[in-house]
Amino acid sequence: MIVFTVISGAKNEDALCYLLEVDDEVRIMLDCGWNDEFNVEDLKHLRRVAKQVDALLLSHPDLSHLGAYPYAYGHFGLSCPVYATVPVVHMGRMCMYDIFQSKTNEAKFDTFALDNVDAAFEKVNTLKYSQPMCKGITITAYAAGHTIGGTIWKIKKDTEEIVYAVDYNHKKERLYDGTVLHNNGVVLDALSRPSLMITDAYNSLIIHPARKYRDAALFDTITNTMKNKGSVLLPTDSSARVLELAYLLDQHWAFYQFSYPLILLTHQSYRTIQFAKSMLEWMSDAINRQFDSKRENPFEFRYKELSKYPGPKVVLASSSSLDTGYARDLLLEWGTSESNALILTDRGSPNSLARKLYNEWDRLSQANDGPVKPSVNLNLTMNLLIKKKVPLEGTELSEYKSELRKKQEREAAQAALIAKSLSIIEDDESDESESEIGDTDIEELLSKHFDLYVRDATKYGGFFKQTQSYLMFPYVEKRKRYDDYGEIIQVDQFARGIVDENAGNIEVNGDKVDMSSDKDEFDKEDSINTFPESNVPTKYVSYEQEIKFQCQMRFIDLEGTNDGRSLKTIVPQVQPRKLIVVHASPEATNDFAQSCLAIRSMTRDIYTPDVGEVLNVSAAINFYQVKLTDALVSSLKLSKLEDYDIAFVNGKISFPPDSSLPVLDVVPIEELSSGTHNPVFVGEVKLTELKRVLQSEGITAEFKDEGVLVCNEKVAVRK
């Protein structure tokens, strides 16, 4: 039995999250996405089922596929095993780091913390492509294209095979090979004819121009803007498609030897690039051949620091929604100038600022008949809510410093009290260990709080024997302590640095080095890509402001997913027995479903569920497992077929009156009416092998057209 529940992302373009139940035994969650608004109310369906999930599969390293996972892990009890490829784990973590820092730079953000992100991603089990994971059910990852480590999932239990394929791309790109689902016009055997296929129809109404036209449009827009002394902003994600865009532009810069700065601006750009350098094996064959032959890593960007380049520049900045992050900051700064340009490479999430600007561009560029619609001159006024962090000034700054000083004094007094208590405890421990010095002697020494020269009146012995002395501060040498492994190490004696978190300083060997308090949670290397930071105290402010956008704007689809024409070609070739369509607008969902129904060979069982809907997509046939006795197995005549041993068993299946489980009654072959077995073909028919067999029997057999074997020019054999 297969039951499918939509948690999010059906008949709309919201984040993806679905629940799959197989035989009432296993509940598998497919993706766990969110958007950068982080509205907890959007997770109401997820909250109800999180604790019941047995496994979670993550497909791509972006917000729409894994954005809700850390929150669900920390707040909803989603503690099941999680599976993903290595790049999805690393890049997904960077995605969450980047969006966290973007949100904390504009307002107080406590929806989740970086500790939640780290704890959640450390629980993920990594898989390689085509590596089956078997625990009562078999889960296998296949390359999806689109992003590094992007995955199509195959789930198999007994006779049920389920393929979950969303946001895949069959075309080769510069960094990524196309999906294995449909390669060179052929569907991968392991993914063909599944019991159920779950796929998206996001681009069902979209037809992409050829890549050469899109690349030409991108470079023309950049070149023209630079000639007019303007800058170009390309909003993008922080860990998925950004790698393909950055590599595309960097190669173009290197080929034409441009002197204009090319800048990658995200909070985690340094670590993202370092991860990418270490995961070349997950990229295209062309990238790996280039590395093997030239030992050149494709990710060597020359320009990183925004503040050093005041003139025209091209900036890839997060996030693609334009609702938060550096991309929004730069848009508010550059978007009011006619000399600058904004290039959208995807449509943005619903209701985002990017989607609103895309709709305006689409309206203004309707009349163009070229392969790629041209740039438009924006003349759009919008009231936007501006949220940001600003330094304290005047009275606020004075009050902050006064409160900080009082806080430091309280903490210093508390620290002194703790130190004094520790000293007393240590002295007590020392007293117990020093048997040669009595308690009375130490108390007497500690009671004398002076080191003046005095004459010891208690000791006489003539002139030469008269004793004079200085009373010094009492010192008791502590004896070394030992345990079963030897001398006990005092860790504090080896500590080389003590971090003062309140003052933002680090003390190294006695010297204080100034550090930025805003970078506690992030690597120092990432600060080279950010705006200047300081130790000046800040506060959050928000206000509405009327913004008049006057920049040039163009949309060039570089999302890296299949368009409608490709979707309507690939899915019918997969030939699923049942099909569920998700993650698309109502219009695109209906268009894709109707196009599939119009194909005669396509299944009639096509479902387009709504959010919250529960579908029972079980097959009409009941399957039962039959346990064979050892005596029966030993009597079988087994034949080898690849990795299996097969044999005929003749019998009758019956249900006892007092049981719901079937019983197999073996029937000897002699009792069969024919006295023999009917021939049965086991395995998969391969036309290439059939061709070889036919030719060995003297029959002329040749392939003609696509997948058609013609025999003696009279018989056509199709798979």
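The values are calculated or read from the model by the stated rules, or taken from the named source; none is laboratory data. Since we're looking at a predicted model, the values are computed, not measured. Counting neighbours? That spans all protein chains shown, and the Cβs are built from the backbone with ideal geometry, glycine included. Note: areas computed on protein heavy atoms with side chains; ligands, DNA, RNA excluded. Shrake-Rupley method; radii C 1.70, N 1.55, O 1.52, S 1.80 Å.
A few notes on this one:
- The set of residues in segment 690-719 being under 49 Å from the mean Cα position of the chain (by Cα) and hydrophobic (A, V, I, L, M, F, W, C) consists of Leu690, Val693, Phe703, Val708, Leu709, Val710, Ala716, Val717.
- Taking segment 77-119 as the range and being surrounded by 18 or more Cβ atoms within 10 Å (Cβ to Cβ), over 23 Å from Gln274 (Cα atoms) and of a type in the set (A, V, I, L, M) as the test, the residues that pass are Leu78, Val82.
- Condition met for Pro679 (at pLDDT below 85, more than 48 Å from the chain's Cα centre (by Cα), under 29 Å from Arg193 (Cα atoms) and part of a loop (DSSP other than H, G, I, E, B)): yes
- Subset of segment 290-339 that is among the basic types (Lys, Arg) and either part of a strand (DSSP E or B) or surrounded by 14 or more Cβ atoms within 10 Å (Cβ to Cβ) (or both) - its residue that is nearest to the chain's Cα centre (by Cα): Arg328
- Residues that are open to solvent by 10 Å² or more (accessible area, probe 1.4 Å) and hydroxyl-bearing (Ser, Thr, Tyr) were ranked within segment 17-76; the one that is farthest from Tyr129 (Cα to Cα) is Tyr71.
- Here Ile152 passes the criteria (1) part of a loop (DSSP other than H, G, I, E, B); (2) under 16 Å from Leu181 (Cα atoms) except the one numbered (1).
- Residue match in segment 157-164 (condition: under 18 Å from Ser130 (Cα atoms), open to solvent by 10 Å² or more (accessible area, probe 1.4 Å) and assigned to a loop (DSSP other than H, G, I, E, B)): no
- Among residues of segment 563-582, those that are open to solvent by less than 10 Å² (accessible area, probe 1.4 Å) and either among the β-branched types (Val, Ile, Thr) or closer than 12 Å to Thr199 by Cα (or both), counted: 9
- Pick from segment 684-708, criterion in a loop (DSSP other than H, G, I, E, B) and over 26 Å from Arg193 (Cα atoms), ranking: most open to solvent (accessible area, probe 1.4 Å): Glu697
- Residues located in segment 129-142, provided they are surrounded by 13 or more Cβ atoms within 10 Å (Cβ to Cβ) and not aliphatic (A, V, I, L, M): Tyr129, Ser130, Thr138, Thr140, Tyr142
- Where Ala598 falls short, out of the listed (1) among the hydrophobic types (A, V, I, L, M, F, W, C); (2) touching a Cys at 6+ places or on another chain (Cβ under 8 Å); (3) free of Cβ contacts under 8 Å to residues at least 40 places away in the same chain: (2)
- Considering each residue of segment 598-614 in turn, none proves to be open to solvent by less than 20 Å² (accessible area, probe 1.4 Å), among the β-branched types (Val, Ile, Thr), in contact with a strand residue (DSSP E or B) (Cβ under 8 Å, 6 or more places away or on another chain) and modelled with pLDDT of 95 or more.
- Picking from residues in segment 213-228 that are open to solvent by 30 Å² or more (accessible area, probe 1.4 Å) and among the polar types (S, T, N, Q), the one that is nearest to Ile263 (Cα to Cα) is Thr223.
- Annotation note: Cβ proximity below 7 Å between a residue of segment 54-70 that is at negative phi and in a loop (DSSP other than H, G, I, E, B) and a residue that is open to solvent by 10 Å² or more (accessible area, probe 1.4 Å) and among the polar types (S, T, N, Q) (sequence gap 6+ or interchain) occurs for Gly67/Asn35.
- Among the conditions (1) farther than 18 Å from Ser59 by Cβ; (2) out of contact with any helix residue (DSSP H, G or I) (no Cβ under 6 Å at 6 or more places or on another chain); (3) modelled with pLDDT of 95 or more, the only one that Lys172 does not satisfy is (3).
- Failed criterion for Leu233 (all others in (1) within 24 Å of Gly178 (Cα to Cα); (2) open to solvent by less than 10 Å² (accessible area, probe 1.4 Å); (3) under 26 Å from the mean Cα position of the chain (by Cα); (4) not small (Gly, Ala, Ser) hold): (1)
- Pairs where the first residue, in segment 95-117, is assigned to a helix (DSSP H, G or I) and the second is polar (S, T, N, Q) and crowded, with 17+ Cβ neighbours inside 10 Å, C-beta under 6 Å, 6+ apart: Cys95/Ser238; Cys95/Ser239; Tyr97/Gln268; Asp98/Ser238; Asp98/Thr266; Asp98/Gln268; Asp98/Ser318; Ser102/Thr324
- Among residues of segment 2-14 that are closer than 20 Å to Ile155 by Cα, those with a Cβ under 6 angstrom from a residue that is assigned to a loop (DSSP other than H, G, I, E, B), sequence gap 6+ or separate chain, pair up as Ile2/Val617; Ile2/Ser618; Phe4/Val617; Val6/Pro609; Val6/Val611; Val6/Glu613.
- Pick from segment 615-625, criterion modelled with pLDDT of 75 or more and either of a type in the set (A, V, I, L, M) or surrounded by 12 or more Cβ atoms within 10 Å (Cβ to Cβ) (or both), ranking: farthest from Ile7 (Cα to Cα): Ser618
- The residues listed here are Glu305, Glu300; of these, the one that is more than 30 Å from Asn183 (Cα to Cα) and touching a residue at least 60 places away in the same chain (Cβ under 8 Å) is Glu305.
- For Arg174, the conditions (1) more than 25 Å from Arg577 (Cβ to Cβ); (2) free of Cβ contacts under 8 Å to residues at least 40 places away in the same chain; (3) not acidic (Asp, Glu) are fulfilled apart from (2).
- Just one of (1) part of a loop (DSSP other than H, G, I, E, B); (2) more than 24 Å from Asn39 (Cα to Cα); (3) not acidic (Asp, Glu) fails for Ile343. It is (1).
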